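The values are calculated or read from the model by the stated rules, or taken from the named source; none is laboratory data. Given the structure is predicted, the values throughout are model-derived calculations rather than measurements. Glycine gets a Cβ as well: all are built from the backbone with ideal geometry, and neighbour counts include every protein chain shown.
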Amino acid sequence: MKSYEVNILEFAYEDMRFGKSFYEQQSDNLGKYFINSILIDIESLSFYGGIHMKCYGLYRLLAKRFPYAIYYDKKEDIVIVYAILDLRSNPQTNKEKLLDRV
């Protein structure tokens, strides 16, 4: 089975920090659980990168435990994570964020 190197851009780290902050306000340690869950989803891209549906020109992996989408692209043996966005947000806002980052 082929594996890919996974790179997470700074924008995506910012998205994770924002999500962590939101969930920490909801309940203690929920932000930490959010980060761990998202990182596990991202880690799966090392094997499954490129199999997901494309949205706005990027592949979109739906997070398993939270209403978030992980937007990435695959170039040869590298998966690049561009954004981790809340699916409850305005779709137009998410689209603009993605187009600014690509």
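Of everything in region 63-72 that is within 12 Å of the chain's Cα centre (by Cα) and surrounded by fewer than 16 Cβ atoms within 10 Å (Cβ to Cβ), the residue that is farthest from residue 23 (Cα to Cα) is 64. Applying the criterion of being farther than 21 Å from residue 22 by Cβ and among the basic types (Lys, Arg) to the residues of region 73-98, the residue that is modelled with the highest pLDDT is 74. Beta carbons closer than 9 Å, at least 6 apart along the sequence or on distinct chains, pair a first residue in region 38-61 that is of a type in the set (Ser, Thr, Tyr) with a second that is assigned to a helix (DSSP H, G or I) for 56/94; 56/95; 56/98; 56/99; 59/45. Evaluate region 8-18: report whether one residue or more is touching a residue at least 24 places away in the same chain (Cβ under 8 Å), loosely packed, with under 14 Cβ neighbours inside 10 Å and either within 11 Å of the chain's Cα centre (by Cα) or under 18 Å from residue 72 (Cα atoms) (or both). So far as region 8-18 goes, no, none of its residues is touching a residue at least 24 places away in the same chain (Cβ under 8 Å), loosely packed, with under 14 Cβ neighbours inside 10 Å and either within 11 Å of the chain's Cα centre (by Cα) or under 18 Å from residue 72 (Cα atoms) (or both).
Of the residues that sit in region 43-62 and are buried (at least 20 other Cβ atoms within 10 Å of the Cβ) and either of a type in the set (A, V, I, L, M) or over 13 Å from the mean Cα position of the chain (by Cα) (or both), which one is nearest to residue 5 (Cα to Cα)? Filtering first and then ranking leaves 45. Screening residue 101 against (1) surrounded by 12 or more Cβ atoms within 10 Å (Cβ to Cβ); (2) out of contact with any Ser or Thr (no Cβ under 7 Å at 6 or more places or on another chain); (3) modelled with pLDDT of 95 or more leaves a single unmet condition, (3). The condition (being small (Gly, Ala, Ser) and in a helix (DSSP H, G or I)) is satisfied by just one residue among 31, 50: 31. Hey, any hits in region 77-94 for a residue that's in contact (Cβ under 8 Å) with a residue 12 or more places away in the chain, assigned to a loop (DSSP other than H, G, I, E, B) and either more than 14 Å from the chain's Cα centre (by Cα) or loosely packed, with under 13 Cβ neighbours inside 10 Å (or both)? The answer is yes; a qualifying residue exists.
Checked against (1) under 23 Å from residue 91 (Cβ atoms); (2) touching a strand residue (DSSP E or B) at 6+ places or on another chain (Cβ under 6 Å), residue 63 meets all criteria but (2). Based on what the data block shows, is residue 12 among the small types (Gly, Ala, Ser), within 24 Å of residue 92 (Cβ to Cβ), in contact with a strand residue (DSSP E or B) (Cβ under 6 Å, 6 or more places away or on another chain) and not in a strand (DSSP E or B)? For residue 12, the condition - among the small types (Gly, Ala, Ser), within 24 Å of residue 92 (Cβ to Cβ), in contact with a strand residue (DSSP E or B) (Cβ under 6 Å, 6 or more places away or on another chain) and not in a strand (DSSP E or B) - is met.
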